[in-house]
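Before any comments, here is the structure.
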Amino acid sequence: MGLEVGGLLGLIWLIIVIWAVVKVAKSGAGPISKLLWILILLIFPVVGLIVWLLLGPKG
């Protein structure tokens, strides 16, 4: 039972990180800024997502 819950939560987290990467890619930020945010999101998914939500490019 615990494995299914962990797998589901992992899948939800993966979807959220992919959504954030797509939002960064579509944002009006410059290419270097986009690249840095995407790398941060992929290398540090938990902390990167929180920081991106607080400080990331808007729009």
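The values are calculated or read from the model by the stated rules, or taken from the named source; none is laboratory data. Since this is a predicted model, take the numbers as computed values, not measurements. Reconstructed Cβ throughout: ideal geometry from the backbone, glycine too, with neighbour counts over all protein chains shown. These accessible areas exclude ligands, DNA and RNA; they are computed on the full protein's heavy atoms, side chains included. Shrake-Rupley method; radii C 1.70, N 1.55, O 1.52, S 1.80 Å.
Tell me, what % of the accessible area of the chain is carbon and sulfur with a 1.4 angstrom probe?
83 percent
Can you give the calculated 222 nm mean residue ellipticity of the chain, where each DSSP H run of n ≥ 4 adds -39,500 (n - 2.57) and the sum is split over every residue, rounded to the nearest 500 deg cm²/dmol?
Working: 3 runs with 49 residues, N = 59.
Rounded to the nearest 500, the figure is -27500 deg cm²/dmol.
Under a plain spin-label model, where a point goes 7 Å from the Cα along Cα-to-Cβ, how far apart in nm are residue 23 and residue 9?
Rounded to a tenth, the inter-label distance reads 2.2 nm.
Find the relative contact order for the chain and round it to a whole percent, using C-alpha pairs within less than 8 Å whose residues are 6+ positions apart.
32 percent
Top mean-square fluctuation among 35, 49, 11, Gaussian network model of the chain, C-alpha springs under 10 Å?
Answer for the Gaussian network model of the chain: 11.
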